[in-house]
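I have placed the structure first, in the form of structure tokens, so that the comments after it can refer back to it.
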Amino acid sequence: MVILLNSLALAALAFAPQQAQSEADYYEVIDVVIPDDVVLEVGGIEQIGPESLLACTRRGDVWRIDEFRSDKPEYSLWANGLQEPLGLLAHEGWIYAATRGELLRMRDSNDDGYADEFRTVADGWSISGNYHEYNFGPRVDPEGNFWITTNKPFGGEPFGRVDWRGWAMKVTPEGEMIPFAGGLRSPAGVEVSPWGQPFYTDNQGEWCGASKLSHLEEGDFHGHPHGIGSAKLPGSRVEHPGEVPDGILMPEAESVVKGFKLPAVWFPYDKMGRSPSGMAWDTSGGAFGPFTGQLFVGDQYSAELMRVSLEQIEGHWQGACYPFRDKLGTGLIRVRQIDGGEMLVGGSDRGWSALGAKPWALQRLRWTGKLPFEILEMKAVPGGFALHLTKPVSQAGLAKAQFKMSSYTYELHAAYGSKEFLTEEHELGAPKLAEDGKSIFLPVAKLRAGYVHELHVEGLADTSGLPLLHREAYYTLIRLPR
Amino acid sequence: MRRAWFAVLLAGSVPVAAASQADRVAGLPSAELLAKQSSCTACHAAEGETAKRLSFDEASSLMTIGSRRSESWIQRYLESPDSPHPRVVSSNPSEARAESAAIANFLSGGLQPDFVPIEVSAADRSMGETLYQELGCFACHEDNFAGRDLAAGWSIAALSEALHTPGEHPVLAGRMPDMKLTPRESLAIAAWLLRDQQADGPEEIVPGLKYSYYEEQNFPGNGPDWEALTPVEKGTTKTVTHELGTRRERYGLVLEGMIKVETAGAYQFWTNSDDGSELFVNGERLVDNLGTHPPQLRESEAVTLAAGWHSLRITFFEAGGGEQLKAGWSGPSIQRREFLESELAHSGSVPRPIDRGLVATDASANRRGGALVQARNCEACHQVESQSDFAKPFAALTADSSGCLDSSPSSKVPNYGFDASERELLVNLLRNRNDLQKPRTAYEEIFVRMNQHQCINCHSRDQVGEPSAKVLASFVGADDLGEEGRLPPSLGDVGAKLKEGVLGHAIAHGEEYRPSVKARMPAFRDVDKQLSWDLSAAFREVDRAADPRREPVFEPEEAKLGHQLTGTSGGLACIACHGSAGNPSVGVQGPSLSEMAPRLEYDWYVRWMSDPTKMRPGTRMLNVFGSGKSPITAVHDGDAAKQIDAIWQYLSLGDSMPLPAGLVTDRSSYELTPIERPLYFGTFYKDASARVMAVGFPERVSAAFDLHHARWVEVWRGDFMNAKGTWDGRAGQLESAGGSGVLAMPDGPAVAVGVGNGDWPAADKSAIKMIGHDRDALGHPTFRYALRESGIEVADGLKPVLAAGGSDLIRRIELRAARPVPGTQIQLVDGAEVKRIPVAWTTGPDGAAKFVVEVRMSW
């Protein structure tokens, strides 16, 4: 009896270090210290010097933060009074900001520490006076075009219905506004990919069954009919899709609704946050860990940073999302990568409660240098999925693992959010390990186009016995690989 | 109260020596006061000025006393030797008992006092005890309601209502000033005063619903498990509302009770909430309005309910952003509407007035009681119009100790219990009654009125009176400001100190000018409409110097020096103890700088500033100018008189004064307060557009520019703006000017072409192209836009300039065009007047056209 107890205790000890691994072992979160008298509800962040940031806030302030990595950063109010700016961009000597009413640029021409010149770059849309009419951006593409997205109102419109809500706008360097894509709902993040193409994130709700990341292409209709009447106005690059059927499965919508664009990635509700917002590609070439070239997306509800890998199949960008780092300070609004490969995240939980503990926060995520054992990338291949790993596994290790996959899709409809439709479990073939031990081919029967393929991996450990840090991945399969 | 006043007088709180001295110079004010308090002329009719001077407070009508007081209470009130009422029953105890019982039987008329059940908690009583102490109730009620037996005489609901609106109460009207209590404060004080009443009876139907209030970090969209949560606060509410508890984000409510169905039939229930809510009737969930959403209506299917009470439960949570909870129903003869207060109730046990038991009376008691009321002439005081010839007119009274003034009065007359010195005072008054035929002198007015209305229970004044040592010791305030931070101010010199209207306003409406003094100044306007006029005029006549110093003429440069002197950079740091315009000082809280000039007489201010220690020994005010020289030598070479004047000039800007350097505004509040530089604020703006940039200048003047229509909307003085509607929760409210003295700019654009004398065009977004704006080195704005059709570029800027009574704004408009544009006009406000100005273009060598106009807006 005594012997048996001892051996159980030993077994527990042997596993303890592995079970104790946490995200924090690999990615450290460091607060940028915020003084008590600064309300830093971060709407936009930009690095303007090795140790200097600019942060704009939902209250309309633009703070300059010097020595931001120190225990006592210096805050100075560079500008104030902007109307809810939700994005900053330093570009060609100016600071650009997307505010409710305009894309503007500003600078401190006499170098006295206060912005003094404010210029309207584009203001070709209007605001009805609804709190939900936020604008996001700006990001700039290789041709010098600015990208912004306009949120649609939600509730009363005191100054009456206005044009161009729920659109993605391309603004040329000369200030011409090109209404590029419509049907957006709450497009809280917009970013230009390393290959120069714009993407945006949208929050689930009416006509947006699940939160998503979508590629922006000229003429797209992304599903929300609120502002699509503007498609008939001069300048629109989108053809009016006609009446949108209320209650149609997403894969069908693509063939039925003119111009309807399916997303690159759906973020299943509560499994991968609730309200995706700002995002940034890791272009650090390894300084941020093993995920170079992948996308990191913040969530305003779950106070977490999620990871996304993309691939282009049959001309459509699609891919998978993975949990990455949760328990951040507050609901995330912006994510930017700065010097040294750190990811800077900031936000506010005002108006929508968030899982973070603070009403506002600005934090640095730094790779500790320790390599996590993760599914590096889930890719669609003919007959199944390829899983690339950050570390090798052995054949014996693979044999102990269990794989489970189900798929489901969503409905396009007027009601708020969509449940998962037509869920099915997939029959899986025996996984095959590549020679280097870092890739697994998972044969899957009957892949379904237009469906999220949700993968769970249990019991997989690397050659040192370290289990996977995250065991789920969600692949949005829009086009079947051939 | 009357009795209480006697006690004060007899205890010598009114300095008899001072009063006697006063009597010699100005008649017999003490005796006059005593005659008023004793309502002598109710029985002994007086005429002319004498009647006016000896006028008294009419006592409450006896017709309705039965609906206010129980028969047993009336009986004891008349019988008790401690009663504050003049004794109208026999001095023989057993006769007194029989007479009191008879009168009580007659007066109560078989009525039961009105009773509204109301629940109170230990927290209510505790709050009431604190308020009673802090507000200074004890100053007038020093006798602690001796002889009144409040717990037997009043219900909590009735006392609470009487305290809230004393002017509407049959007994308190004309006696008790308005303490400006909120309904919550009134209830708490009533609960404290009636703390002997216990809620130990059986459960009964009590109006309103019980509520539990919860605070949580997160609420799931489908609502929490309420059973698992612990409420932060519990209470009752008369209506279904989200405005309970303290938070407006991340809170929850559960309302429980009953709903009254008058007519059996089919009913539909609804809630309209932001965020989620549910409604249960008889334990069944009829409305599911869960989820996180803007205001959303959800209505139940029809349910059939029998007539009578049904249990009702409503849950509500607010995760973030806007909040709302409404609920109601529709049914037989009820159109869809919110629940009425009368339909909601819960069961509970409530405190009731204590029943002291009734002395048995026989069938003849009622008749005997009626006869006694007539015989004792009760109606003389209690219902003046029926004054009879019961007693001799005042003019015919003999000046000796007879009748009421007899040392042991007969049972035919009321027994006031006068002592020898009081009797002597009144006999003396009768001897000198001719003096009462002249109007009171200013001094007499002050003496009589301050005593009559018990001003002296809180405020002292030489030769008039002062609060008792016990009362003085009981006032509550900031310890670190000494007695000045705790005591109601002395009224010596008040007529020289306060401006006329300010003094009158303080008496009529009460005021809380000293932030650290907790005692509350009541409003006397409902007690006596004339009081504030009479008393403030008398104070000024007695106190003001014959030839007061004249106020200096306003000089903006002097005001700027005064601004510097009050702040921390190169100044005297007045802000260590004095805040301004709603912003607290950085240390202890003395009176606010912005409220000084509008209140104080300049002459008094100069005397005070020159040597405060001399004027008020022991004051905490720094005596910086006492030596005639200021420690700040960089301003007027340290000349004290000149600096005192410079500060006055600055103070004279009142609510529109630029705030002194060093004042710290509260960032956690939503009040926007520019101090060093202008503040900008982008917001939705009422009656303008959803794209407005407002600018607040440190000079306490502000303006709003509509970026959508490219025009100034309005300018104003005082506070800039409150950002709550734009910064709180999901926000998105329409904001408006925060200050006062709003001057609207004329409708339409500032610049128009080809209008002539015709109608000015309306603002039109499509006619303009916004270019942006500049903020100069001081942060002053110039907005820039172009007229699309004519190509004219407009630069439209504002800067503030200090002026007497508040800052003005200088507006500069500069037009540029490639070539002159004929027929261009500008519409603007010059002074306070709307004007159209024809544009006289000047051209440069390249033919480019330019025009500049500058106006001063002063309103």
Check: A:G137 passes all but one of (1) within 11 Å of chain B (Cβ to nearest Cβ); (2) in a strand (DSSP E or B); which number fails?
Finding: (1)
Margin query: Tell me yes or no: at least one residue of the stretch B:764-777 is within 14 Å of another protein chain (Cβ to nearest Cβ), more than 20 Å from B:R816 (Cα to Cα) and assigned to a loop (DSSP other than H, G, I, E, B).
Written below: yes
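I'm trying to understand the selection: among the residues of the stretch A:22-73, which are small (G, A, S), within 14 Å of chain B (Cβ to nearest Cβ) and not in a strand (DSSP E or B)? Can you show your working first?
So in the stretch A:22-73, the residues small (G, A, S) come out as A:22, A:24, A:43-44, A:49, A:52, A:55, A:60, A:70.
Of the ones still in play, those that are also within 14 Å of chain B (Cβ to nearest Cβ) are A:43, A:60.
Hit for the stretch A:22-73 is A:G60, nothing else.
Out of B:A11, B:A45, B:A18, which single residue is of a type outside the set (D, E, K, R), over 30 Å from B:L358 (Cβ atoms) and at pLDDT 85 or above?
Details: B:A11 fails: at pLDDT 85 or above; B:A18 fails: at pLDDT 85 or above.
Among B:A11, B:A45, B:A18, only B:A45 is of a type outside the set (D, E, K, R), over 30 Å from B:L358 (Cβ atoms) and at pLDDT 85 or above.
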Checklist line | Whichever residue in the stretch B:839-859 is part of a loop (DSSP other than H, G, I, E, B) and surrounded by 12 or more Cβ atoms within 10 Å (Cβ to Cβ) and, among such residues, is nearest to the chain's Cα centre (by Cα) | finding: B:W859
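Just the residues that are within 11 Å of chain A (Cβ to nearest Cβ) and either among the charged types (D, E, K, R) or within 18 Å of B:I675 (Cβ to Cβ) (or both), please, taken from the stretch B:721-731. Even if it seems obvious, please write down each step before you answer.
Here is the first cut: in the stretch B:721-731, the ones within 11 Å of chain A (Cβ to nearest Cβ) are B:721, B:723, B:725-731.
Result: B:M721, B:A723, B:D728, B:R730.
Being touching a His at 6+ places or on another chain (Cβ under 9 Å) and among the aliphatic types (A, V, I, L, M), is that true of even one residue in the stretch A:210-226? Even if it seems obvious, please write down each step before you answer.
Here is the first cut: in the stretch A:210-226, the residues touching a His at 6+ places or on another chain (Cβ under 9 Å) are A:212, A:214-216, A:221.
Next, from what is left, pick out any that are among the aliphatic types (A, V, I, L, M): A:216.
Within the stretch A:210-226, one or more residues are touching a His at 6+ places or on another chain (Cβ under 9 Å) and among the aliphatic types (A, V, I, L, M).
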Margin query: For the stretch B:549-648, give me every one of the helices (runs of 4 or more DSSP H) that falls completely inside it and has 3 or more residues that are surrounded by fewer than 15 Cβ atoms within 10 Å (Cβ to Cβ) and hydrophobic (A, V, I, L, M, F, W, C).
Written below: none
Next item on the list: Hey, can you tell me all the residues within the stretch B:81-104 that are over 21 Å from B:S155 (Cα atoms), touching a helix residue (DSSP H, G or I) at 6+ places or on another chain (Cβ under 9 Å), small (G, A, S) and not in a helix (DSSP H, G or I)?
Entry: B:S90
Notebook entry, point to check: Does the stretch B:733-748 hold any residues that are within 19 Å of B:L828 (Cβ to Cβ), of a type outside the set (D, E) and surrounded by fewer than 20 Cβ atoms within 10 Å (Cβ to Cβ), and which are they?
Noted result: B:G741, B:V742, B:L743, B:A744, B:P746, B:G748
Notebook entry, point to check: Which ones in the stretch B:153-174 are farther than 19 Å from B:I74 by Cβ and in contact (Cβ under 8 Å) with a residue 24 or more places away in the chain?
Noted result: B:I156, B:A157, B:S160, B:E161, B:L163, B:P166, B:G167, B:A173, B:G174
Checklist line | Number of the condition not met by B:L405 [criteria: (1) closer than 30 Å to B:G245 by Cβ; (2) surrounded by 13 or more Cβ atoms within 10 Å (Cβ to Cβ); (3) at pLDDT 85 or above] | finding: (1)
Next item on the list: Could you please find all residues in the stretch B:427-485 being within 25 Å of the chain's Cα centre (by Cα), assigned to a loop (DSSP other than H, G, I, E, B) and either free of Cβ contacts under 8 Å to residues at least 60 places away in the same chain or closer than 30 Å to B:D406 by Cα (or both)?
Entry: B:H453, B:Q454, B:H459, B:S460, B:G477
Notebook entry, point to check: Hey, any hits in the stretch B:811-824 for a residue that's modelled with pLDDT of 95 or more, among the charged types (D, E, K, R) and over 22 Å from B:G772 (Cβ atoms)?
Noted result: yes
Check: Any idea which of B:T246, B:T236, B:T263 is at pLDDT below 90, farther than 13 Å from B:F316 by Cβ, polar (S, T, N, Q) and surrounded by fewer than 16 Cβ atoms within 10 Å (Cβ to Cβ)?
Finding: B:T246
Notebook entry, point to check: Restricting attention to the stretch B:299-312, and to residues there that are surrounded by fewer than 19 Cβ atoms within 10 Å (Cβ to Cβ) and part of a strand (DSSP E or B), which single residue is farthest from the other protein chains (Cβ to nearest Cβ)?
Noted result: B:G308
Check: Restricting to the stretch B:203-233, what's the tally of residues that are surrounded by fewer than 18 Cβ atoms within 10 Å (Cβ to Cβ) and of a type in the set (A, V, I, L, M, F, W, C)?
Finding: 5
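Can you name every residue in the stretch B:105-116 that is of a type outside the set (A, V, I, L, M, F, W, C) and either over 19 Å from B:W73 (Cβ atoms) or in a helix (DSSP H, G or I) (or both)? Give the derivation first.
From the stretch B:105-116, those of a type outside the set (A, V, I, L, M, F, W, C) are B:105, B:108-110, B:112-114; that's our starting set.
Of everything in the stretch B:105-116, those that are of a type outside the set (A, V, I, L, M, F, W, C) and either over 19 Å from B:W73 (Cβ atoms) or in a helix (DSSP H, G or I) (or both) turn out to be B:N105, B:S108.
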Note to self: Against the definition (touching a residue at least 12 places away in the same chain (Cβ under 8 Å), within 14 Å of another protein chain (Cβ to nearest Cβ) and not in a strand (DSSP E or B)), how does B:S790 come out, yes or no?
What the structure shows: no
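Is at least one residue of the stretch B:172-184 under 26 Å from B:N282 (Cβ atoms) and either touching a Pro at 6+ places or on another chain (Cβ under 6 Å) or at pLDDT below 95 (or both)? Step through it out loud before you land on a result.
Within the stretch B:172-184, the subset under 26 Å from B:N282 (Cβ atoms) is none.
No.
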Next item on the list: Tell me, yes or no, whether the stretch B:681-702 has at least one residue that is in contact (Cβ under 8 Å) with a residue 60 or more places away in the chain, within 11 Å of chain A (Cβ to nearest Cβ) and either surrounded by fewer than 24 Cβ atoms within 10 Å (Cβ to Cβ) or farther than 18 Å from B:A573 by Cβ (or both).
Entry: yes
Next item on the list: Quickly run through the stretch A:348-404 and pick out the residues that are touching a Pro at 6+ places or on another chain (Cβ under 7 Å), more than 14 Å from chain B (Cβ to nearest Cβ) and either of a type outside the set (A, V, I, L, M, F, W, C) or under 27 Å from A:S70 (Cα atoms) (or both).
Entry: A:L371, A:P382, A:G383, A:G384, A:T390
Note to self: If I filter the stretch B:316-352 down to residues being assigned to a strand (DSSP E or B) and within 14 Å of chain A (Cβ to nearest Cβ), which single residue comes out as surrounded by the most Cβ atoms within 10 Å (Cβ to Cβ)?
What the structure shows: B:F317
Next item on the list: Would you please name the residue that is farthest from the chain's Cα centre (by Cα), looking only at residues in the stretch A:290-300 that are surrounded by fewer than 24 Cβ atoms within 10 Å (Cβ to Cβ), in contact (Cβ under 8 Å) with a residue 24 or more places away in the chain and more than 17 Å from A:P198 (Cα to Cα)?
Entry: A:P290
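Give the residues of the stretch B:659-672 that are more than 10 Å from every other protein chain (Cβ to nearest Cβ), in a loop (DSSP other than H, G, I, E, B) and either surrounded by fewer than 24 Cβ atoms within 10 Å (Cβ to Cβ) or among the small types (G, A, S) (or both), sorted by residue number.
Selection gives B:A661, B:G662, B:L663, B:S669.
Specify which of the listed residues (A:P153, A:P173) is surrounded by 19 or more Cβ atoms within 10 Å (Cβ to Cβ), of a type outside the set (S, T, Y) and not in a strand (DSSP E or B).
Values: A:P173 fails: surrounded by 19 or more Cβ atoms within 10 Å (Cβ to Cβ).
Just one listed residue meets the conditions, A:P153.
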Check: Restricting attention to the stretch B:704-719, does a residue exist that is closer than 24 Å to B:P598 by Cβ and either within 14 Å of chain A (Cβ to nearest Cβ) or in a loop (DSSP other than H, G, I, E, B) (or both)?
Finding: yes
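The values are calculated or read from the model by the stated rules, or taken from the named source; none is laboratory data. Owing to the predicted nature of the structure, the values given are computational and were not obtained by experimental measurement. We place every Cβ from the backbone using ideal geometry, glycine too, and count neighbours over all the protein chains shown.
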